[in-house]
Amino acid sequence: MEQEINQLEQDRNKKSIFVSILKFIGFMVVALAPMLMVGTLIGIQSEFSTLTNSILGVLYIVLSVFIIIFLWKKYKKYSKEKIQKIGLRDIGFALLFFLIARVIAIVGTLLITMIYGSEMTANDEALMALTGPSADSFVFFSVLFILSISIIVPITEELTFRGIGTNLLFKKQSFWLPLIITSTIFGLLHTPTDIVSFLLYGFLGVVFFLAYYRRKNILDAILVHILNNSLAGIVFLLDLLGLVSL
């Protein structure tokens, strides 16, 4: 009888883990949706009038807001964490994590150039291809693209990977397992084409995880991720304004 009870408990645990994994996969799809949507809009912009593109752009903003709200509620549900204010000391830590992230990005890019002869990762090349020549792009979509990589995507990714993933899949006090697994998945989802680019994005995931885990405050990780991505956003904005040429 006791063996049967233990077996039932094990079956329940396995089912619970399987369901949690499926949920996390679904949340990842939702988190990636804003970037996929804005990429699609840029790709089909020539097919529609300015008015239609404007309406599609507004719909994109509305959907992105709903996605952020949805993921925020799920994060709160699974984490039960109290959101803490960001003080000057926390901003200092955020800047430190940001600098570490930049060192990782610079070293990774240099290694990619030295070993593979490429100036950037395949993920960055895909982002560059999305923008295309600024003069041929619908300006509203270009602005949405910059907004997405600088703010929207950092929010959705942090809520999903560090927020939901850490608390849905692992025990509350776990450290190494969620750090390794969520960072590995984060690295893989940035379409690495070689081991160096995988490690680059994987270690960026580690930095974002540490920013979150320092005081279990998702806003810290979001801030570091926004700082990191905003550099690319600034470059794209300068290109849009015609101040630099990509």
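Data table
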| item | result |
| --- | --- |
| Alpha-carbon spread of segment 51-114, three principal axes, descending order, Å | 44, 37, 24 |
| Along each principal axis, Cα extent of segment 153-246, largest first, Å | 50, 30, 17 |
| Share of Cα-Cα pairs in segment 38-84 lying beyond 17 Å, as whole percent | 50 |
| Most mobile listed residue (VAL143, VAL207, VAL224) in the chain, GNM with C-alpha springs under 10 Å | VAL143 |
| Only Lys, Arg (+1) and Asp, Glu (-1) charged, at Cβ; the chain dipole about Cα centre in debye | 1300 |
| Neighbour-count ranking [beta-carbon atoms within 10 angstrom, fewest first] of HIS190, HIS225 | HIS190, HIS225 |
| Order of MET128, MET28, MET114 under a 10 Å beta carbon neighbour criterion, fewest first | MET114, MET128, MET28 |
| For segment 31-38, 3J(HN,Hα) per residue [Karplus equation, 6.51 cos²θ - 1.76 cosθ + 1.60, θ = phi - 60°, Hz, x = Gly/Pro] | 5, 7, 4, x, 5, 5, 5, 5 |
| Rounded to 10°, Cα long-axis angle of helix 176-188 versus longest principal axis of the chain | 30 |
| Principal axis dimensions, largest first and in whole angstrom, of the chain by Cα | 73, 42, 39 |
| Top of PHE186, PHE198, PHE175 by mean-square fluctuation, Gaussian network on the chain, Cα under 10 Å | PHE175 |
| Karplus (6.51, -1.76, 1.60) ³J(HN,Hα), θ = phi - 60°, over segment 212-218, in Hz, Gly and Pro reported as x | 6, 6, 3, 9, 6, 10, 5 |
| Choice from THR191, THR52, THR109 with maximal GNM fluctuation in the chain (Cα, 10 Å cutoff) | THR52 |
| Burial order of peptide ranges 102-108, 86-92 (average beta-carbon count within 10 Å, highest first) | 102-108, 86-92 |
| Loop-resident sites, segment 47-152, for GluC sites (Glu not before Pro), counting at most 11 other Cβ within 10 Å (DSSP) | GLU119 |
| Cut-off 15 Å between beta-carbons: net charge of the residues surrounding ILE86, Lys and Arg +1, Asp and Glu -1 | +2 |
| Unit Cα scatterers, Debye sum, segment 94-184: log10 I(q)/I(0) for q = 0.14 Å⁻¹ | -0.78 |
| Magnitude of the charge dipole, segment 84-187, Cβ model with Lys/Arg +1 and Asp/Glu -1, debye to 20 | 640 |
| Dipole of segment 2-240 [Lys/Arg +1, Asp/Glu -1 at C-beta], most positive-end residue of PHE27, SER79, VAL103 | SER79 |
| Ascending count of other beta-carbon atoms within 10 Å, so fewest first, for PHE141, PHE203, PHE208 | PHE203, PHE141, PHE208 |
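Since every read-out is calculated from the coordinates, none of them should be taken as a lab result. This one's a predicted model, so the numbers in the text were calculated from it and none came from an experiment. Glycine gets a Cβ as well: all are built from the backbone with ideal geometry, and neighbour counts include every protein chain shown.
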